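Working notes, structure below.
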Amino acid sequence: MFRGTSYHIIDAKGRIKIPSRFREKIRQSETDVIMVSRFDNCLVSYTMDEWRKVEERILSLSENSEVMRRFRRFFIGGASECICDNQDRILIPPKLREDTELEKDIVLVGVLNHFEIWSKQNYDIEELALASDMKKEDLRNEIGRLRL
């Protein structure tokens, strides 16, 4: 599982260093390829094993609605295979960097079956949004049901 948060820099060529704890999870997969797509103003990154599960869920649940066709087109069609190099880095394609405003300071966030890649600025905005949402009783009750 991917867990934890780490702060990094994306280099001028668009490469990011994968933290060793994430790299260990990737090595457990069948390949060093990570599937990356954009969602919620960040990049979502899956091992190939997990990506196949995502694709299966999308196929099994997808409706023929216009919105679902657009979502599939955006999420699956916009995905890229990113290969881990010998220095534990992946190259993020320019279009994905542009769409999620990845320029220099970035944040990698483990989210159990995948990890997210955020621009530091967008991650800070997301963190503030959560702090504001936590003031809402219905969200606090929903989180309370997790019995953390």
Qualifying positions in segment 1-26 - exposed (fewer than 13 other Cβ atoms within 10 Å of the Cβ) and of a type in the set (S, T, N, Q):
SER20
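Has segment 61-71 got any residue that is more than 19 Å from GLU127 (Cβ to Cβ), modelled with pLDDT under 95 and surrounded by 14 or more Cβ atoms within 10 Å (Cβ to Cβ)? Break it down stepwise before answering.
Restricting attention to segment 61-71, the residues satisfying the condition of being more than 19 Å from GLU127 (Cβ to Cβ) are 61-71.
Retained after the next criterion (residues that are modelled with pLDDT under 95): 61-71.
Those still in the list that are surrounded by 14 or more Cβ atoms within 10 Å (Cβ to Cβ) too: 71.
For segment 61-71, residues more than 19 Å from GLU127 (Cβ to Cβ), modelled with pLDDT under 95 and surrounded by 14 or more Cβ atoms within 10 Å (Cβ to Cβ): present.
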Criterion: more than 15 Å from the chain's Cα centre (by Cα) and either closer than 14 Å to GLU116 by Cα or among the basic types (Lys, Arg) (or both) - qualifying residue of ARG3, ARG21:
ARG21
Inspect segment 34-56 for any residue being surrounded by 15 or more Cβ atoms within 10 Å (Cβ to Cβ), over 13 Å from the mean Cα position of the chain (by Cα) and closer than 14 Å to ASP85 by Cβ and give the result as yes or no.
no
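Do any helices (runs of 4 or more DSSP H) entirely within segment 76-148 hold 3 or more residues that are closer than 28 Å to GLU55 by Cα and not hydroxyl-bearing (Ser, Thr, Tyr), and if so, which?
Numbers: elements: 94-99, 120-133, 137-144.
In segment 76-148, 94-99 are the helices (runs of 4 or more DSSP H) which contain 3 or more residues that are closer than 28 Å to GLU55 by Cα and not hydroxyl-bearing (Ser, Thr, Tyr).
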Just checking, does segment 81-98 include any residue being out of contact with any strand residue (DSSP E or B) (no Cβ under 9 Å at 6 or more places or on another chain), surrounded by fewer than 16 Cβ atoms within 10 Å (Cβ to Cβ) and among the hydrophobic types (A, V, I, L, M, F, W, C)?
no
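The values are calculated or read from the model by the stated rules, or taken from the named source; none is laboratory data. This is a predicted model, so every value here is computed, not measured. As a convention, Cβ positions derive from the backbone with ideal geometry for all residues, glycine included, and neighbour counts pool all protein chains shown.
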